[in-house]
Amino acid sequence: MSSPATPTTPALEGRSKTQYAYETLKQRIVDGWYGPGTRLVFDRIARDLGVSAVPVREAVRRLEAEGWVVFERNVGAQVAGVDPDQYRHAMHTLALLEGHAMATARLTPAALTRAATLNERMRATLAAFDPLGFTRLNREFHLLLCGGCPNPHLRDLVTREWNLLDVLRRSTFALVPGRARESVEEHDELLRLLRTGAPAAEVEAFARQHKLNTVSAVVSAK
């Protein structure tokens, strides 16, 4: 996956310096500007952001607590790598959660239309493929469909697993770009099932398998 041409730097105004440093560093990790294993040198980052090293240190501690950063003895802070086993376990868990969430979701016509629009935007990115952009749209698509689930605890669990996946991999589709086209086509079928009021068991099985297909693609690519 290629890094962006320039690092992302949000505006400071209206936020504390620690929050500013935290949001900037996290976005740069998500964007791929700071890849796995990149050392985070506090003084250098502080100069880049125009703040002291103190808010940078506090921001990195927060990122460490969330799993984005690890500390290694004699090395210091660095961006966490991708753990294949954790990724696989998270995807299997999400397959179960999303399957049930979508099967029980109460989706309005407007929500289904919005989901279809997101899928068309994903399809439009395939010609000049942008893995990170595709992943952001894919996340929005899935959370939208799961957002119609009446169980708030289940919705929260789905969001937590997606947040964990953000840490474990910047973009699955950078590893297996061919999977993106298959995923869009499976989204079409999932939307068809939801629009036509297919039995909940059928929706759940399809949504679950859709997620597992991505796991299989990633495992096969290694």
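Listed values, structure above:
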{"read-out": "Single unsatisfied condition, PHE129 versus (1) open to solvent by 50 Å² or more (accessible area, probe 1.4 Å); (2) more than 25 Å from GLY67 (Cα to Cα); (3) assigned to a helix (DSSP H, G or I)", "value": "(3)"}
{"read-out": "Filtered residues of the stretch 38-51 (kept if in contact with a Gly (Cβ under 9 Å, 6 or more places away or on another chain) and either loosely packed, with under 13 Cβ neighbours inside 10 Å or touching a residue at least 60 places away in the same chain (Cβ under 8 Å) (or both))", "value": "ARG39"}
{"read-out": "Residue check for GLU98: acidic (Asp, Glu) and in contact (Cβ under 8 Å) with a residue 40 or more places away in the chain", "value": "yes"}
{"read-out": "Residues of the stretch 78-91 that turn out to be in a helix (DSSP H, G or I) and farther than 24 Å from ARG181 by Cα, as a count", "value": "2"}
{"read-out": "VAL54 vs. criteria of a type in the set (Val, Ile, Thr), over 28 Å from LEU154 (Cα atoms), in a helix (DSSP H, G or I) and open to solvent by 50 Å² or more (accessible area, probe 1.4 Å)", "value": "yes"}
{"read-out": "Criterion (buried (at least 16 other Cβ atoms within 10 Å of the Cβ), assigned to a helix (DSSP H, G or I) and outside the structural domain of GLU204 (by the TED database)) met by exactly one of LEU63, LEU94", "value": "LEU63"}
{"read-out": "Selection within the stretch 97-113 - assigned to a helix (DSSP H, G or I) and surrounded by fewer than 16 Cβ atoms within 10 Å (Cβ to Cβ)", "value": "PRO109, ALA110, THR113"}
{"read-out": "Subset of the stretch 52-88 [at pLDDT below 90 and more than 19 Å from THR38 (Cα to Cα)]", "value": "ASP85, GLN86, TYR87, ARG88"}
{"read-out": "Sole exception among (1) touching a residue at least 12 places away in the same chain (Cβ under 8 Å); (2) open to solvent by 50 Å² or more (accessible area, probe 1.4 Å); (3) assigned to a helix (DSSP H, G or I) for GLU120, by number", "value": "(1)"}
{"read-out": "Evaluation of ARG121 against (1) among the basic types (Lys, Arg); (2) under 22 Å from ASN213 (Cβ atoms); (3) touching a Phe, Trp or Tyr at 6+ places or on another chain (Cβ under 6 Å) (one fails), failing number", "value": "(3)"}
{"read-out": "Matching residues, the stretch 48-93, being charged (D, E, K, R) and more than 16 Å from the chain's Cα centre (by Cα)", "value": "ASP48, ARG57, GLU58, ARG61, ARG62, GLU64, GLU72, ARG73, ASP85"}
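The values are calculated or read from the model by the stated rules, or taken from the named source; none is laboratory data. Treat the numbers as computed from the prediction; the structure is a model and nothing was measured. Cβ sites come from the backbone with ideal geometry, for glycine too, and all protein chains shown count toward neighbours. Remember, those area values only see protein heavy atoms, side chains included, never the ligands or the DNA or RNA. Shrake-Rupley method; radii C 1.70, N 1.55, O 1.52, S 1.80 Å.
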